Amino acid sequence: MNDTTQAKRSDEPVWWALFSAGGVCFAVVVPGAILALALLPAFGGFSADNLSYPRISALLHDALWGLAGLAFIGSVICLPLFHAAHRIHHGLHDLKLGGGLLSKVLCYGSAAALSLLALYLIS
Amino acid sequence: MSKTINIARYNPQTDSQPQLQAFQVDSDNSTSVLDALLQVQQQDPSLGFRWSCRMAICGSCGVMVNGIPKLGCKTFLRDYPDKLTVSALAHFNVEKDLIVDMQPFLTHLAAVKPYLINAEQSSQPHRQTPAQLAKYQQFANCINCGLCYSACPQFGLNPEFLGPAAITLAQRYNLDSRDAGKAARMPELNSKNGVWGCTFVGFCSEVCPKKVDPAAAVNQGKVASASDFIISMFKP
Ligand code: SF4
Ligand code: FES
């Protein structure tokens, strides 16, 4: 706390940035996806044919050279996963159950693993 | 009108933990918790508590009223028609009755170098536009009462956390156009006990008697620390 020993920089900005980005996705993109993929077809907003495999597959893999699919998975699965992981990590600290390196590795590690799995599944 | 007030008494020499003691006080529409404590002190001169200005400016009369951090002089008995319990500020060590050891708080305040840092020597006045003043003015209203530390669960869990008022004070100087000390303050803010110790509970801003909004300052500090992080990646 004095001039001679400078406090170590926290790596938290990285997790906080992912958390914030994930929060925006959770609030905006995820409800949009639920609306488009679940509610509108269910309530007859548009016909289920619009969600046919060839159509969705083309959207995910071909639109914008595959970037559309990447953006969709990133904003509906990966970033929200990091958002949730951050919450759980800090929640564990609040419950005095963790918050240290182990919970960090477990929380962000599972977010990363599940993100990779999601990306693998659409690749 | 007579009213019962329960006070958490604690004498470190004899008690293992605080004990509630009930007192009767006279109360009308204008009786503050501090007035009530002064009445109790007439009945029992051994009651320990701090106060000075009686007008919400010195910041020394902080206590928990029914478990919420409050200034005794700015809190009125009329707003507590039912039970009224006064205890020492949470998250600090109690020295006696309602007196706590504020040293950890003061150490955190000092750690952020809360003064103008500027190598430039000039005998001219340092002019500031209203817009430049508006950037930090609200954060300069802190009276160092420490209520926000009692409200902050993260400070409760980790006393090393710089805490709301200290981070606010750092922002107050970092945002001041006359100051050039941001680089010297950022390392404290960038650390895990700096802005990143906050999980944005926001209770600090609710209890602040001066509407300083320390939670806003901490969040601005997070943005500042995140940009400092990115800038540092491009520096050797
Ligand atoms: S920010 Fe508000 S609650 Fe915290 S010490 Fe300053 S005046 Fe008190
Ligand atoms: S006595 Fe000064 S703030 Fe209450």
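Descriptive notes on the structure:
- Single match in B:LYS83, B:LYS70 (criterion: of a type outside the set (Gly, Ala, Ser), open to solvent by 70 Å² or more (accessible area, probe 1.4 Å) and in contact (Cβ under 8 Å) with a residue 24 or more places away in the chain): B:LYS83
- The lone exception for B:CYS53 - which of (1) surrounded by 10 or more Cβ atoms within 10 Å (Cβ to Cβ); (2) touching a strand residue (DSSP E or B) at 6+ places or on another chain (Cβ under 9 Å) it fails: (2)
- Selection of the stretch B:181-198 for residues being under 24 Å from B:ASN158 (Cβ atoms), surrounded by 19 or more Cβ atoms within 10 Å (Cβ to Cβ) and touching a residue at least 40 places away in the same chain (Cβ under 8 Å) yields B:ARG185, B:MET186, B:GLU188, B:LEU189, B:GLY197, B:CYS198.
- Residues of the stretch B:94-139 classified as closer than 19 Å to B:SER60 by Cα and more than 15 Å from the chain's Cα centre (by Cα), total: 5
- Qualifying residue in the stretch B:120-129 (condition: part of a helix (DSSP H, G or I) and either within 16 Å of ligand 2 (Cβ to nearest atom) or touching a residue at least 12 places away in the same chain (Cβ under 8 Å) (or both)): no
- Residues of the stretch B:210-221 satisfying the condition of being surrounded by fewer than 22 Cβ atoms within 10 Å (Cβ to Cβ) and in contact (Cβ under 8 Å) with a residue 12 or more places away in the chain: B:LYS210, B:LYS211, B:ASP213, B:ASN219, B:GLN220
- Hits in the stretch A:96-119 (condition: modelled with pLDDT under 90 and open to solvent by 100 Å² or more (accessible area, probe 1.4 Å)): A:LYS96, A:LEU97, A:LEU101
- Some residue of the stretch B:110-117 being farther than 30 Å from B:ASN29 by Cβ, open to solvent by 30 Å² or more (accessible area, probe 1.4 Å) and in a helix (DSSP H, G or I): yes
- Meets criteria (free of Cβ contacts under 8 Å to residues at least 60 places away in the same chain, touching a Ser or Thr at 6+ places or on another chain (Cβ under 7 Å) and either of a type in the set (A, V, I, L, M) or within 20 Å of B:PRO209 (Cα to Cα) (or both)) for B:ARG50: yes
- Condition check for B:VAL63: aliphatic (A, V, I, L, M), in contact (Cβ under 8 Å) with a residue 24 or more places away in the chain, in a strand (DSSP E or B) and crowded, with 18+ Cβ neighbours inside 10 Å: yes
- Some residue of the stretch B:148-155 being open to solvent by 50 Å² or more (accessible area, probe 1.4 Å), more than 13 Å from ligand 1 (Cβ to nearest atom) and in the same structural domain as B:GLN220 (by TED's automatic domain parsing): yes
- Residue check, A:PHE19 within 13 Å of chain B (Cβ to nearest Cβ), among the aromatic types (Phe, Trp, Tyr), touching a residue at least 40 places away in the same chain (Cβ under 8 Å) and touching a helix residue (DSSP H, G or I) at 6+ places or on another chain (Cβ under 6 Å): yes
- Filter result for B:ALA90 (at negative phi, at pLDDT 95 or above, buried (at least 18 other Cβ atoms within 10 Å of the Cβ) and not in a strand (DSSP E or B)): yes
- Test: residue in the stretch B:74-94 that is farther than 20 Å from B:LEU157 by Cβ, within 16 Å of ligand 1 (Cβ to nearest atom) and of a type outside the set (Asp, Glu): yes
- Residue under evaluation B:GLU160, criteria (1) touching a Gly at 6+ places or on another chain (Cβ under 9 Å); (2) open to solvent by 20 Å² or more (accessible area, probe 1.4 Å); (3) of a type outside the set (Ser, Thr, Tyr); (4) part of a helix (DSSP H, G or I), criterion not met: (4)
- Among the residues of the stretch B:167-180, those that are assigned to a helix (DSSP H, G or I) and free of Cβ contacts under 8 Å to residues at least 60 places away in the same chain comprise B:ILE167, B:THR168, B:ALA170, B:GLN171, B:ARG172, B:ASN174.
- Restricting attention to the stretch A:19-35, the residues that are farther than 28 Å from B:LYS222 by Cβ and open to solvent by less than 40 Å² (accessible area, probe 1.4 Å) total 1.
The values are calculated or read from the model by the stated rules, or taken from the named source; none is laboratory data. Predicted, not measured: the structure shown is a model, and the values here were computed from it. As a convention, Cβ positions derive from the backbone with ideal geometry for all residues, glycine included, and neighbour counts pool all protein chains shown. Each accessible area value is taken on the protein alone, full model and side chains, heavy atoms only, with ligands, DNA and RNA left out. Shrake-Rupley method; radii C 1.70, N 1.55, O 1.52, S 1.80 Å.
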